[in-house]
Amino acid sequence: MGKVNQNITIWKGNYVELSAVIDDVSDLAGSVITWAMSIDASTAKLITKSTETTVPGVTIDDNIVTVILNPSDTDDASGIAAGDYYHEIRIVDPGGNPSTPLIGKVELRNVIIKT
């Protein structure tokens, strides 16, 4: 069963590791995991991280998923403004079965000290 209201607050241009325990799964090995952030659930993705990319933006440790956001993902040059966004994790297991175990809100805040 998916978790709703998995809300987080992050600051623009910061390195962030978002970790989530995926319930009802003991091992996610072989699964394709994607995290995405958008304005809402019906708009285009602004940031996407996946286990399928050359430089993984998502790591797996048993049933723990960690999404890695680099400073360039949310800094001023990214074009993403401070505000409230939607995010979710999607898992496709080795058998091809999709699930969405987590959705929520990202509050992206401005910083006054920038790198």
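Scanning segment 19-35 for any residue that is among the hydroxyl-bearing types (Ser, Thr, Tyr), in contact with a helix residue (DSSP H, G or I) (Cβ under 9 Å, 6 or more places away or on another chain) and in contact (Cβ under 8 Å) with a residue 40 or more places away in the chain turns up nothing.
Of note, ILE68 satisfies the criterion of being aliphatic (A, V, I, L, M), within 19 Å of ILE22 (Cα to Cα) and in a strand (DSSP E or B).
Results for (1) closer than 18 Å to GLY104 by Cα; (2) out of contact with any strand residue (DSSP E or B) (no Cβ under 7 Å at 6 or more places or on another chain); (3) aromatic (Phe, Trp, Tyr), shown as yes or no for each residue.
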{"position": "GLY2", "(1), (2), (3)": "yes, no, no"}
{"position": "ASN5", "(1), (2), (3)": "yes, no, no"}
{"position": "ASP24", "(1), (2), (3)": "no, yes, no"}
{"position": "SER42", "(1), (2), (3)": "yes, yes, no"}
{"position": "LEU46", "(1), (2), (3)": "yes, no, no"}
{"position": "ASP73", "(1), (2), (3)": "no, no, no"}
{"position": "ALA77", "(1), (2), (3)": "no, yes, no"}
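Could you tell me which residue of segment 1-37 is nearest to GLY96 (Cα to Cα), considering only residues that are among the polar types (S, T, N, Q) and over 10 Å from the mean Cα position of the chain (by Cα)? Across segment 1-37, the extreme among qualifying residues is SER31. Figure legend. Inter-residue proximity from segment 53-80: first residues at pLDDT below 95, second residues acidic (Asp, Glu) and assigned to a loop (DSSP other than H, G, I, E, B), beta-carbon distance below 8 Å, spacing 6+ or different chains. Indicated pairs: ASP62/ASP27; ASN63/ASP23; ASN63/ASP27. Among the conditions (1) within 14 Å of the chain's Cα centre (by Cα); (2) without any contact (Cβ under 8 Å) to a residue 60 or more places away in the chain, the only one that THR43 does not satisfy is (1). Taken together, the residues in segment 9-55 that are farther than 24 Å from ALA77 by Cβ, part of a loop (DSSP other than H, G, I, E, B) and not aliphatic (A, V, I, L, M) amount to 9.
In the set GLY79, GLY57, GLY83, only one residue is of a type in the set (Gly, Ala, Ser) and buried (at least 16 other Cβ atoms within 10 Å of the Cβ); that residue is GLY57.
Out of all the residues in segment 86-104, is one or more aromatic (Phe, Trp, Tyr) and closer than 18 Å to TYR15 by Cβ? Among the residues of segment 86-104, not one is aromatic (Phe, Trp, Tyr) and closer than 18 Å to TYR15 by Cβ, which makes the answer no.
The values are calculated or read from the model by the stated rules, or taken from the named source; none is laboratory data. In this text, all values refer to a predicted model and were calculated from it rather than measured experimentally. For neighbour counting, all protein chains shown are included, and Cβ atoms are generated from backbone atoms with ideal geometry for every residue, glycine included.
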